[in-house]
Amino acid sequence: MMVPFLSLRWGMKQEDVERMKEVIVALLAQLNHHAEFLDLETQAIAPSCSLGRITRMEAISEQAISTHAQSLNQKRIIGLENALQRIEKGTYGTCIRCQGEIPLGRLELVPEALLCVQCADKKHR
């Protein structure tokens, strides 16, 4: 399926947009697979489970780490799903703050990027 063509004033070509869409879909499949594993890892530890005190503390610690990883994974899934929506709308690659171009190199590293390099730099200062 063809996606809307972005304005030619940006450096992104239609084939770049199609390639990024494929990358995003592949990443989403991978992250959704990880989500299934993380769902299992974050299940409650039954109090009736016969673990020693140290082992129980380790299990709780590992569960907390898995819960954090699950949160990060879910945040990235949402960002990538939003990127697919922006591709469909024809706004992918446009900074939401300054309306400038997000360089293709940045999108290749962070496909869900919402900000151009300059705006992202200002945000983190």
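Points to keep in mind about this one:
- Here LEU104 meets each of (1) within 15 Å of the chain's Cα centre (by Cα); (2) under 13 Å from MET12 (Cβ atoms); (3) touching a residue at least 60 places away in the same chain (Cβ under 8 Å) with one exception, condition (1).
- Of all residues making up segment 68-125, the number that are among the β-branched types (Val, Ile, Thr), closer than 26 Å to THR42 by Cβ and either in contact with a strand residue (DSSP E or B) (Cβ under 7 Å, 6 or more places away or on another chain) or not in a loop (DSSP other than H, G, I, E, B) (or both): 2
- Test result for ALA69, at pLDDT 80 or above, touching a His at 6+ places or on another chain (Cβ under 9 Å), surrounded by 12 or more Cβ atoms within 10 Å (Cβ to Cβ) and over 27 Å from ASP16 (Cα atoms): yes
- Whichever residue in segment 11-42 is farther than 16 Å from GLN74 by Cα and outside any helix (DSSP H, G or I) and, among such residues, is modelled with the highest pLDDT: LYS13
- Members of segment 10-37 found to be surrounded by 14 or more Cβ atoms within 10 Å (Cβ to Cβ) and closer than 12 Å to GLY93 by Cα, listed by number: TRP10, MET12, ASP16, VAL17, MET20, LYS21
The values are calculated or read from the model by the stated rules, or taken from the named source; none is laboratory data. Everything numeric in this text was worked out from a predicted model, so none of it was measured. FYI the Cβ positions are ideal-geometry reconstructions off the backbone, even for glycines, and counts take in every protein chain you see.
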